[in-house]
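No lab work stands behind these numbers, since they all come straight from the coordinates. Since we're looking at a predicted model, the values are computed, not measured. FYI the Cβ positions are ideal-geometry reconstructions off the backbone, even for glycines, and counts take in every protein chain you see.
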Amino acid sequence: MIVGSMLKSASSQGLWPLPLAPYPGRSIKQTAEETRKLKLVAMCDAPFNYWGQSSPLPAHGVIKYLHDAA
């Protein structure tokens, strides 16, 4: 589910399919900002919240990783 939502979001941000080199009009900064905007969903995020259990990081921590690393 995470990969599917990542590809769908990347497509809407113009990050997928990968653009052809030499990447006219695209900078590393712009690409990093668009990567941080990706909307990722994991199916198991909702059940933890529903049952009131302590939940893992949203999308298994992938969102946090993208914000920290990108």
Seminar exercise, completed: Label model pair residue 33, residue 69: point-to-point distance (7 angstrom along the Cα→beta-carbon line) in nm is 2.3
Exercise. What nm distance separates the two modelled labels at residue 23 and residue 7, each placed 7 Å from Cα along Cα→Cβ?
Worked result: 2.2
